[in-house]
1. Suppose all protein chains stay in the model; what accessible area per residue would a 1.4 Å probe give for segment 230-343, in Å²?
2. Tally the DSSP beta bridges in segment 96-239 and give the antiparallel ones as a percent, rounded to 5.
3. Report the full-extension gain for the segment Gln157 to Ala81: residue separation times 0.36 nm, less the Cα-Cα distance, to one decimal in nm.
4. So if I place +1 on the C-beta of Lys and Arg and -1 on the C-beta of Asp and Glu, and nothing else carries charge, what would the dipole magnitude of the chain be about its Cα centre? I want it in debye, nearest 20.
5. Quick one: if the Förster radius is 51 Å, what FRET efficiency do Asp185 and Glu39 give, using the C-beta to C-beta distance and rounding to 0.05?
6. Roughly to the nearest percent, how much of the accessible area of the chain is carbon and sulfur, given a 1.4 Å probe?
7. To the nearest 20 Debye, how big is the dipole of segment 230-343 about its Cα centre, given +1 on the beta carbon of each Lys and Arg and -1 on that of each Asp and Glu?
8. Please compute the modelled spin-label separation between Thr329 and Ala371, points set 7 Å along Cα→Cβ, answer in nm with one decimal.
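The values are calculated or read from the model by the stated rules, or taken from the named source; none is laboratory data. Values in this document were obtained by computation on a predicted structure and should not be read as measured data. In this analysis, Cβ positions are derived from the backbone assuming ideal geometry, glycine residues included, and neighbour counts consider all displayed protein chains. With ligands, DNA and RNA removed, areas are computed over all heavy atoms of the protein, side chains included. Shrake-Rupley method; radii C 1.70, N 1.55, O 1.52, S 1.80 Å.
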Amino acid sequence: MPRSSRAPKSPWTVARQTCTDCGRARSMAKNYDRSDLLEMVCAEVDRHASWIQEISERIMRNPEPGFREWRTAEYVAQQFAAIGLSYRTGLARTGVKARLRGNGDGPTVAILGELDSLIVPGHPFADPETNAAHACGHHAQIASMLGAGRALQAVIQHLDGDVVLFAVPAEECIEIGWRRQLIDDGEIEFLTGKSELIRLGEFDDIDMAMLTHTESGGNALGSVGDTHNGAVIKYVTFTGKSAHAGARPWMGINALKTAMHALTAIDAQSETLPDDWRVRIHSVMTRGGDVLTAVPAEATAEIMIRGATFEALTRGCELVDRCLRGAATSFGARIEVETMGAFMPLTQEDRLTEIVARGIREVVGAEAMGAPRHRTGSTDLGDLSLVMPVSHPRCAGAQGSSHGSDYVVDDHGLAAVLPAKWMARSVVELLADGAGEAHDVIRASGQRLSRDEYVNRRRTFQHVQNYGDLSES
Ligand SMILES: [Zn+2]
Ligand SMILES: [Zn+2]
């Protein structure tokens, strides 16, 4: 984010010169060099390892889906209070944010953790009432964010910039119907947490951000530098005409078959887009009629179009719209298509990736590092990557298939403690010695979108289109 847009430092930041354990003022006598500070944060993470693991495990067992992570947010606030940090709550409904004040007016580095779970029936730690389940490992992110923050408290007075610890809501783009209601009620404008927080200006006082995500499979204990697909959602309502399905089917217009025809046409053409666009189009039927004996008069479907670039997303959307328009014509049905941006494609900043990779290598060893790659899944850290440099390392510690009922973090040390260590190290590298590395990252990342430019770009994906007209049939 351009320096000129940086907000003044807020009064809710906290004093920094008191030891969180003994309560005494820290000695300022020694001049620590960078390697001292790196050693200190690693030792602090080790000292608080069981606290970090307890946080990860506790949130795993108390999952809540996005934009309603009320208890999780309260728990994070309690942890901030316990380590002597003041904080703000209720950001994009549930976000919680604290700041560690360093020396001078250097750049601000944010460490993020996502509050939300998925909804996965059958998951071993699913909430029995809501089926909410941490099948993407976000609980470990909150723990590693808090762990890194607690370690950085020990050295913050020797860093030439600030650190923001930010628990952010609603990374998973789920419960679209409910979130549309939130949008209609004016509670949110965008479907995911970071996009909302950008719109609300909650990243205006941050210069770069990092977040470590768990993954399963393979032998790597850490990696960084992946790119990710972006995604657009279409919420589609197919309207036909009811009639007796046995006696007078010719009097009806079948909304279910209109939907089936459209989805089949989309499937049949998905291979016509170039491979390197990495387009994925997937859908769920959320309604397919009401009673067996009547021609279905209404069907609804949600379609997600993913792609590696804006062009890929745009061309994927054109393909889907063409198939929907064609189905409306074929059946004489009416189709309403509400399009919404879900995630923007993620690109990590190269200079920041180098620094974080160094941290990971120091913590896990070069032989345990994985190679970065393109991922066809999506994250709203992609949205943030449009407005500032971001880093999205991956850690181990989980088993099973991500988003599946068997995805469980079974090693909170790998999933939360090691990432806390490499994120704390990375922050030290960025902000020590006049924050030269952080300034380099900002310079290397060049001009990003302003908040307004981001919001406008995101809004270009939002529109409603109608195809077909029942009166013509
Ligand atoms: Zn996920
Ligand atoms: Zn995730």
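1. Spelled out: the 1.4 Å probe surface of segment 230-343, per residue, equals 47 Å².
2. 40
3. Additional length available on full extension: 25.4 nm.
4. 480
5. Approximately 0.50, to the nearest 0.05.
6. Here it works out to 47 percent.
7. 340
8. 4.6
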